[in-house]
Amino acid sequence: MGFYVPGQGWLHRLHPWPKLLFVILGVLAPFLLPLVLLPVLIVTPIGLALSAGLGERYVRNVAIGTLPICASIILVNGFFYPGAREVVLGLGPFHLTREGLAFAAPTAARVIAAVAATIAFVMTTRPDDLMEALVERGAHPKLAFVVLSAIQTIPRMIDKANRILEAQQARGLAASGSFGARGRAIVPLLGPLIIGSLIDVRERSLALEARAFSSGAERTAYRLVPVRAVDRLATRIALAGLLALPVIVALRIAGVINV
Amino acid sequence: MSEAVATDTTTDGAADRPTRRDAGLSISGLTVRYYGREEDALRDVSVDVPPGAFVGVAGANGAGKSTLTLAAAGFIPRIVRAQLSGTVAVGTGDLPAAEAIATGTHQVGIVFPNPHNQLSATKATVREELAFGLENLGVPRIDMDARIDSVLDRLRIAHLADRSPFALSGGEQQRVAIASIVAMGMAVLVLDEPTAQLDPLSTAAVGDLLKELAGEGTSILVAEHAPTILGAAEMCLVLSNGQAVTTDRPGRALAPDVLEPIGLRSPAMVSLAVAADVPAELAFDEESVANGLRGVVATAPEPDLAVTQPWVAVRDVRPSGITVRGLVHRYPGGVEALRGIDLEIDPGESVAIIGQNGSGKTTLVKHLNGLLRPDAGLVAIDGVDIADRLVHELAGTVGFVFQNPDDQLFNRTVEREVRFGPKNLRLTEPETARLVDESLAVIGLEAERSSNPYDLNVSSRKLVALGSVLAMDPSVLVLDEPTTGQDGPGVARVGSVVDSFKAAGRTVIAITHDMEFAARHFGRIVVMRLGEVVADGPPADVFRANNVELLASTGLTPPPSARIAARLGLDYVPADADSLLRFLATRTGRTQPA
Amino acid sequence: MTTRSSTFSMSQFTTTTIVLMAVAIAINIAVGYVVQNVLKLPIYLDSIGTVLVGILAGPLAGAATGALANIIWGLTIGPSTITPFAITALFIGFLAGWFGSRGWFAASGGGISWVRAAIAGVITGVVAAIVSAPIAYFVFGGTTGGGTDAVVAIFRNMTDNIFLATQLQGLASDPVDKLATFLVAMAILIAVPVTVKTTFPQGEKTV
């Protein structure tokens, strides 16, 4: 479930911690750095991802993740930018304006850059490895539990929702048809899902207790992700980048950099 | 206060075996009351489970079995809020089990009925799942693999090591749950109805596993309904309304004179063993029981003279016949779940469909109310092809009761829940009221009309779900595993519902693992294997002696009494122990035929 | 059993709460699936899990669940562009927990409880819209990528200020969805047995 695909490329083998730092950098930089750097910020993650062997699937994921929102950004701002005067294209009562497009283009570009970095990250990082890396660096193990357990529970919950749909239809519930009929189906469909899940919560937490979940002992880890020299180097580079961001922002505000 | 018992990794080179050979479970004078209740869940119960002992706990739902297992594992009062008095002691010291868990050195592991809910849901493979408990205990990483490998071998799940836990069958998941606990090095293993959700093969496997673990020195305390498990135990504690009725060998503790006064039915083997005057240790040994019965049969039990009240129709309902011709159904991957089924069910017939998991039973019946559509072939009700009918439209004709009641219940009261079906069918208020009353009466839950269904135990919830479908007055009733998770009285109640519907001339179809239930209440048995029908006929034919191999090839065995009858060389196939005893009694001329 | 001080303390993160959080995140997604894909209704209800955690376990647990739910949804199922709205979800969970701590979802309250649940829903929806607007503006130029972007045209025509228009767009949809969410949550909580509700830190306040 999710974007992750197993693989052998260098991005897959890179330790989750520097990868996490890089994706934070990759998401913040487009919004904090001068506009002129945007093309670089878009090409870099895409280039890195393709060089790591992520291929067509990566491109498709980025496209699906950005096309709807970018279409919205461009259309909404292009046609409905307040105070715009220079019309570029007229379609009946609607006018595409230069000001609107000038606002929309960098906005869309920022989103593409951030999504490109994010997809590269999620496609190459196993959630359990990421959580283990975070716990090693001080995150609470119970937080890791919530994240990993939620991810595995999602498909079960959808299966359950489908079973409930079948069961209630078998009792005569119509889940299609008029608006009112579908509205009346909300509680019969969500009720068993939620109530059943709440009851399962009790059983599941007892089972966890049986596995010493709250024993308070110093937790050890079975699955280890090795840290290599290249991972340490990558971490340093990423940290350098993250530290550079506020510096550059400060310089821009102070007017020292005028881009 | 004895010193805390730490798990030591060096004993006998097997890091997951109990390290204190004298560790055992000792419960004395245990009384538990949940907050807000007016009655004790358990009163003055005592049981001893020394190392290597295998003790079973029997009793109806609500008798206190689960409470006993929770208390034994030290969950009460620290994790489950209840008042507890008496002692629960582990090992020879008196470190109370509750304290042992708190200090992280607990020696009592607990396994619950639902296989899914025991997975941590955070691990990608079974191997890692087994490591979960070890991680929480802070076991050093270098010691983990040895312990995990040892457990994978002992419980024979090494072939599952790299599989995803959620991809396993229920039986396999329960093995993993037991393995996870064993890997933590528990000296005592407590299990609460571990086979409730499992089929007969998996149930037998659990029984064998528990015997092996006991043989290796683990103390085993298991609360169960399944005769297979209780019969494998050395001793059996019988609970009724929170109090101990007796603690004895299963052959005696589960005898009719003990169980019937507390409203339970004695397992077939025990009834026969008692009648055959076989010593209690051999009560579950078919050879001994059969030999014992070759002699004189002293008395035959009185036949059940209760007259079945037929279900009273409220809607204008005509019993329906079902035709299935050349039915093929493929899973998304292309695998054929059904390979061309031909089945003709006349109006008013009662059919039990049996077969192992994966045989296609559920896939087949889901075609009967439109939940699944044929990839090839025809499904017709009263001669009319139902391929275009929507599920909720067919609900008035085919009443389908699902296996898990919690997939259906969402109302504040039982009554509202039972009303849901008739309401969807847009029946008039007088019709609805009559159907609700009748349903509640036939499922025996009139007294719980205003209770919250989720306040009732799972057996009763299954009955509520059943009642809610009955209230639609369907002409065909389809039941998916109606007896799984039910206690004795629950199974009897389901049986009487089936009889009542049959008596009204309606068609009843059930998928079941319970061979005795099938033989007792259904006129026709359909056996499925790998998407095909391999046998089809009355119980007397299907469960006949020379059919045993055929059944075995599908992973099934005939009901115990039928197996004994086969050993006796009888031509008669009894539905249950009482029928067999009556047959033998009339044969020897000791009593008049009923 | 819960004291006033525990409403905002870490003690609400019991094992039961932890499991509830994981389950609630999955519920959000499954409910979104049922309401949007199966029933094809014009609402989402996909923060109902977050709301339930808030009500049953407390505002801190609710806030954490909201934030995690958004991030997990965005990074596993996608689209990843919803992750910035984790901040909004955080507020939703927090408010649900705060209202829950004041007993606004007590089943024994009868008619008043429904009114309170409705008010809580509207207030939460308004707050959600207010919190979402700057996110939508700064990150996405005034759009959210959701269906309501079509509605934006109307508001853009009404005002010269994009920020305000974004605000109005959110206010048109969020309060309705959150109102529905809180009411459905209430309807379901009423059917949950007391013994189950009280296993959660704030559960007694819903009795």
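For the reader, a short list of remarks on this structure follows.
- Fraction of antiparallel bridges per DSSP, the protein assembly as shown only, in percent to nearest 5: 55 percent
- Partners for residue A:142 among aspartates and glutamates (Cα-Cα distance below 12 Å; same-chain residues under 8 apart left out): A:132
- Arranged from fewest to most other beta-carbon atoms within 10 Å of their beta carbon, B:362, B:557 become B:557, B:362.
- Antiparallel content of DSSP bridges confined to chain B, in %, to 5: 55 percent
- Loop-located trypsin sites (Lys or Arg not before Pro) across region A:62-140 with a Cβ neighbour count of 13 or fewer within 10 Å are A:85, A:137, with loop assigned by DSSP.
- Computed over chain A, Kirkwood Rh from alpha-carbon pairs, angstrom: 22.6 Å
- Per-residue ellipticity at 222 nm from helix content only, as computed over the protein assembly as shown with -39500 (n - 2.57) for each DSSP H run of at least four residues, stands at -15500 deg cm²/dmol.
- 19 Å Cα-Cα reach of residue C:205 towards lysines, excluding residues that sit fewer than 8 places from it in its own chain: C:197
- Other protein chain C-beta atoms within 10 Å of residue C-beta, averaged over B:401-407: 6.
- Sequence-distant aspartates and glutamates (8 or more away, or on other chains) whose Cα lies within less than 18 Å of residue C:178: C:46
- Region C:106-127 versus region A:96-137: alpha-carbon centroid distance in Å: 37 Å
- Each Lys and Arg adds +1 at its Cβ and each Asp and Glu adds -1 at its Cβ; summed about the Cα centre, the protein assembly as shown shows a dipole of about 3320 debye.
- Lys, Arg +1 and Asp, Glu -1 on Cβ, resulting dipole of chain B about Cα centre, debye, nearest 20: 620 debye
- Radius of gyration and maximum dimension Dmax of chain B, Cα, Å: 25.1, 76
- Once the GluC sites (Glu not before Pro) in DSSP loops with at most 14 neighbouring Cβ atoms within 10 Å are cut out of chain A, the longest remaining piece is A:87-217.
- Max mean-square fluctuation residue, GNM over chain A, Cα-Cα springs under 10 Å, options A:123, A:131, A:157: A:157
- Packing-based exposure ordering (other Cβ within 10 Å, fewest first) of B:366, B:462: B:366, B:462
- Centre-to-centre separation between the Cα atoms of region B:354-402 and those of region B:245-262: 43 Å.
- In the elastic network of chain C, a GNM with C-alpha springs shorter than 10 Å, the most mobile of C:60, C:20, C:75 is C:75.
Here, each number is a calculation from the coordinates, and none is a lab measurement. Bear in mind the structure is a predicted one, so any value in this text is a computation, not a measurement. Here the Cβ is made from the backbone with ideal geometry for all residues, glycine too, and neighbour counts use every protein chain on show.
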